[in-house]
């Protein structure tokens, strides 16, 4: 697929204006290197920003042996690709940035743009030295709006209940899922995607993981990822996962977190407050890429939709979870993503909570019709939050936006790829 604009770009440029160091992390092959190299002309103050990749052994060796000297050799903006391969650099960055702030404060911001394929926020020894000096952004694989060249304002329109002139833009839900993947395979056939995923996962699980941690049983990681694929959208229970994988719960959780650090999977935490009603406080787990989920299950997306409707419901929920996660990285809507479930089974698949405490609820339904019973969980959340509840939507396979009460709407899935 040709290079397409990434909707996170304005936020990335803004971060460079206010922070000395910007770290753009995300899964391998999500498009980080392409994005930063395309921005070299824009972010260099006098000349195009210098670019260094630590995938090149000589550059990596030079930086590891004398990190402060390596950084000081570049007098303008420096882009460093795969920076996690040289952990010594993070403390050196603190020293160099503090010197810049002391002696050249006017030009201190936007000096270092780093990319990496591991979540350094989960590695305090790396991230702690740069607290107050670094902005961290995450680039995920394409969302459907990016891959189909939409505006990327679908989440904002949903939360603001702005449904005028929304269109499916010629995409079915399976079309949308197939586009929302890694740039390199967004236009490939199912067989080509399968070959790509095999190589991709081998690289990460056999090579990249070893750079983060010494795992005694590294060979269990592919099976662990498959178990997480099977359980996608379910409440996470580390004891159950540990039993299935043949590890103790502590080791199983540690291994699962390693996969999270490589951006292969993620958790959606439960929404709860001290408001009297018993709420479930376990997270739900998802895979970061829905086509990868299908690959781990050894099933074709179209076959799942046609022949395994219950499983397709889980696949669909995984897709919505990933889309919401991606859209939150660049949308005007500032919110955190949660799920909601009471101990007696009332639930909303997703809850968006804004910094002011207001909440918006989302329920997923794969069918083409909706009734008031589909809003039970959303209505329960509305009762609990009262004035803080700003609206709720059941996303479904139909084509019409239909009101179901004050700030309650049935909305087609395609709102997300506007």
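The values are calculated or read from the model by the stated rules, or taken from the named source; none is laboratory data. Computed from a predicted structure; not experimentally measured. Note that we place each Cβ from the backbone using ideal geometry, even for glycine, and neighbour counts take in every protein chain shown.
Restricting attention to the range 191-200, does a residue exist that is at pLDDT below 95, assigned by TED's automatic domain parsing to the domain that holds residue 288, touching a helix residue (DSSP H, G or I) at 6+ places or on another chain (Cβ under 8 Å) and on the phi < 0 side of the Ramachandran plot?
Looking through the range 191-200, none of the residues is at pLDDT below 95, assigned by TED's automatic domain parsing to the domain that holds residue 288, touching a helix residue (DSSP H, G or I) at 6+ places or on another chain (Cβ under 8 Å) and on the phi < 0 side of the Ramachandran plot.
In the range 116-132, how many residues are crowded, with 19+ Cβ neighbours inside 10 Å and either under 15 Å from the mean Cα position of the chain (by Cα) or more than 22 Å from residue 60 (Cβ to Cβ) (or both)?
Number of matching residues: 5.
Quickly run through the range 162-217 and pick out the residues that are surrounded by 17 or more Cβ atoms within 10 Å (Cβ to Cβ), touching a residue at least 24 places away in the same chain (Cβ under 8 Å) and part of a loop (DSSP other than H, G, I, E, B).
163, 166, 171, 180, 181, 182, 186
Only residues that are within 23 Å of residue 415 (Cα to Cα) and buried (at least 21 other Cβ atoms within 10 Å of the Cβ): list them for the range 133-151, please.
Residues satisfying the conditions are 139, 140, 141, 142, 143, 144, 145, 146, 147.
When you scan the range 61-68, do you find a residue that is within 25 Å of residue 196 (Cβ to Cβ), assigned by TED's automatic domain parsing to the domain that holds residue 125 and surrounded by 13 or more Cβ atoms within 10 Å (Cβ to Cβ), even just one?
Of the range 61-68, the ones within 25 Å of residue 196 (Cβ to Cβ) are none.
Looking for residues that are within 25 Å of residue 196 (Cβ to Cβ), assigned by TED's automatic domain parsing to the domain that holds residue 125 and surrounded by 13 or more Cβ atoms within 10 Å (Cβ to Cβ), one finds none in the range 61-68, hence no.
Taking the stated definitions as given, is residue 178 in the same structural domain as residue 362 (by TED's automatic domain parsing), modelled with pLDDT of 95 or more and in contact with a helix residue (DSSP H, G or I) (Cβ under 9 Å, 6 or more places away or on another chain)?
Working: in the same structural domain as residue 362 (by TED's automatic domain parsing): yes; modelled with pLDDT of 95 or more: yes; in contact with a helix residue (DSSP H, G or I) (Cβ under 9 Å, 6 or more places away or on another chain): yes.
Answer is yes for this residue.
Can you tell me which of 257, 248 is more than 30 Å from residue 384 (Cβ to Cβ), surrounded by fewer than 16 Cβ atoms within 10 Å (Cβ to Cβ) and without any contact (Cβ under 8 Å) to a residue 12 or more places away in the chain? Break it down into steps so the answer makes sense when it comes.
Details: 257 fails: without any contact (Cβ under 8 Å) to a residue 12 or more places away in the chain.
After applying the criteria, what remains is 248.
Name the single residue, out of those in the range 97-120 being assigned to a helix (DSSP H, G or I) and in contact with a strand residue (DSSP E or B) (Cβ under 8 Å, 6 or more places away or on another chain), that is nearest to residue 24 (Cα to Cα).
Of all residues in the range 97-120, those assigned to a helix (DSSP H, G or I) come to 97-103, 105-107, 120.
Then keep just the ones that are in contact with a strand residue (DSSP E or B) (Cβ under 8 Å, 6 or more places away or on another chain); that gives 97, 120.
Numbers: 97: 18, 120: 10 Å.
Within the range 97-120, the match that is nearest to residue 24 (Cα to Cα) is 120.
Taking the condition of being surrounded by 20 or more Cβ atoms within 10 Å (Cβ to Cβ) and outside any loop (DSSP other than H, G, I, E, B), how many residues in the range 228-241 meet it?
Total satisfying the criteria: 3.
Restricting the first residue to the range 26-48 and requiring it to be without any contact (Cβ under 8 Å) to a residue 12 or more places away in the chain, which pairs with a second residue that is surrounded by fewer than 21 Cβ atoms within 10 Å (Cβ to Cβ) and part of a helix (DSSP H, G or I) meet a Cβ separation below 8 Å and a spacing of at least six or different chains?
48/40; 48/41
Is there a residue being out of contact with any helix residue (DSSP H, G or I) (no Cβ under 8 Å at 6 or more places or on another chain) and surrounded by 20 or more Cβ atoms within 10 Å (Cβ to Cβ) anywhere in the range 36-49? So that I can check it myself, show each step before the final result.
Step one: filter the range 36-49 for residues out of contact with any helix residue (DSSP H, G or I) (no Cβ under 8 Å at 6 or more places or on another chain), giving 36-38, 40-41, 44, 46-47.
This time we only want the ones that are surrounded by 20 or more Cβ atoms within 10 Å (Cβ to Cβ), so: 36.
Yes, some residue in the range 36-49 is out of contact with any helix residue (DSSP H, G or I) (no Cβ under 8 Å at 6 or more places or on another chain) and surrounded by 20 or more Cβ atoms within 10 Å (Cβ to Cβ).
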